[in-house]
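Before any comments, here is the structure.
The values are calculated or read from the model by the stated rules, or taken from the named source; none is laboratory data. Since this is a predicted model, take the numbers as computed values, not measurements. Reconstructed Cβ throughout: ideal geometry from the backbone, glycine too, with neighbour counts over all protein chains shown. Side chains included, ligands, DNA and RNA excluded: accessible areas come from the protein's heavy atoms. Shrake-Rupley method; radii C 1.70, N 1.55, O 1.52, S 1.80 Å.
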Amino acid sequence: MSDSVVTSIMSDSDSIVTLIDVEKSFGKNNVVKKMNIEIKEGEFLTLLGPSGCGKTTTLRMIAGFEEASSGTIKVQGVSVEDKEPFERDVNTVFQNYALFPHMTVFDNIAYALKIRKKAKDEITNRVNEMLDLVQLKGYENRKPDELSGGQKQRVAIARALINNPKVLLLDEPLGALDLKLRKQMQVELKRLQKKLGITFVYVTHDQEEALTMSDRIAVMNEGVIEQLATPMEIYNRPLTKFVAGFIGESNIFDGNVEAIHDGILDVETRAGTMKVKGNGFYVGERIHVSIRPEYIKVSADPVKGFNLVGNINDFIYMGTVVKTSVDLNDNTEIKYSRFEKDEDFKEGDSVNIYWNPEKAVAIKTKM
Ligand SMILES: Nc1ncnc2c1ncn2[C@@H]1O[C@H](COP(=O)(O)OP(=O)(O)OP(=O)(O)O)[C@@H](O)[C@H]1O
Ligand SMILES: [Mg+2]
């Protein structure tokens, strides 16, 4: 059996949305590059990345508002090239809600069923179900400008869910809300997705939102998926320097593998010597080392295998954690955080930095 046959069988049985070598260019500008994703049924998958990396373009191609320059998009195993957006069993929620301002909440939610000429009773029943679902009972006669941001967002979600799409595409749906409301809506949306069992493809540039809501995250950078994995894997085992730097806080060093013993690499960097766990690396290889601020340890005495010396900077109290940094000899700074201030050290002290090599991540440099 050839590889392509295996791929197509897998796609058809396991995934509800499949992107195979999907590319998109606007003129000479190639904004989505050879993208491959298999989105599983019932999954909450997030496209995460900085502004302009191609998230919205990817979503619009799945929805059918934008045509791929090359490659194949399948929904439920069937190529959707020739299908109009409304024929695709997917629905979209946009950041700006896109509600009809002159229509009531009821009519906004009912819209998709009305244009399909459904019976009046059926429409009323379905809209009531949706109002229940998004907790907007009693608001059916209001116009959008009589609603709060969070309420408008719920109307937009109800409107997108009314014709039972298999997949809901959400493009920064909470972007217009203030932080507190956004956190609340994150919990609501996640609950809703679990309850309905619908596949969500969610776009955000907010890494915390992605980490808390998603089953899997596709981290995008300049039109390429750098890593597609669970939030825990993305956070603990970033595959690329970009992912390590984009998700959470990290200290990233560039260095050379000097020796390898029992899967632990001795790495020489400009700042000094350090240890990191890593498989598949060789002596002499140039790599990145990423270490989270919470895993940094300090000692007054030298620690075997490490030679990172510097002076402690100001302690900054941030509620439950204390953040500080150490100025290293090569003029770089290493961030570290604690749940409580280290009693043994004070600002200005000279310290030796070290960590458990298993907590650091060795990352391949790009070819
Ligand atoms: N219709 C278009 N014509 C030309 N270029 C476009 C068009 N739509 C998007 N682009 C370009 O494609 C790139 C990706 O845009 P896209 O909207 O997908 O980014 P994004 O990841 O959603 O960013 P943001 O987080 O800012 O919403 C950008 O450089 C953008 O300027
Ligand atoms: Mg966008």
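A few points about this structure:
- Of all accessible heavy-atom area on the stretch 119-208, the percent that carbon and sulfur account for (1.4 Å): 45
- For the stretch 78-86, putting each phi into the Karplus relation 6.51 cos²θ - 1.76 cosθ + 1.60 with θ = phi - 60° gives couplings of 10, 4, 9, 2, 8, 9, 5, x, 6 Hz, in residue order, rounded to whole numbers and with x for Gly and Pro.
- Value of [θ]222 nm, deg cm²/dmol, for the chain, DSSP H segments ≥ 4, -39500 (n - 2.57) each, nearest 500: -8000 deg cm²/dmol
- Note on THR332 and GLU358: the extension gain reaches 7.1 nm, defined as 0.36 nm multiplied by sequence separation minus the Cα-Cα distance.
- Surface exposure of the chain, expressed per residue as accessible area with a 1.4 Å probe, stands at 50 Å².
- Close amide H partners of PHE44, meaning residues 5 or more places away or on another chain with modelled amide H under 5 Å apart, are PHE200, ASP215, ARG216.
- Antiparallel DSSP beta bridges within the chain, percent to nearest 5: 75
- Amide proton proximity set for GLN227, modelled H, under 5 Å, gap of 5+: VAL219
- For the stretch 262-277, 3J(HN,Hα) computed residue by residue from phi via the Karplus equation (6.51, -1.76, 1.60; θ = phi - 60°) reads 6, x, 9, 9, 8, 10, 9, 10, 4, 6, x, 8, 8, 10, 8, 6 Hz, glycine and proline entered as x.
- Highest mean first, the peptides 117-124, 179-186 sorted by other C-beta atoms within 10 Å per residue fall in the order 179-186, 117-124.
- Carbon plus sulfur fraction of accessible area for the stretch 249-364, probe 1.4 Å, in percent: 46
- On the beta carbon distance between ASN256 and ALA119, with R0 = 41 Å, the FRET formula returns roughly 0.05.
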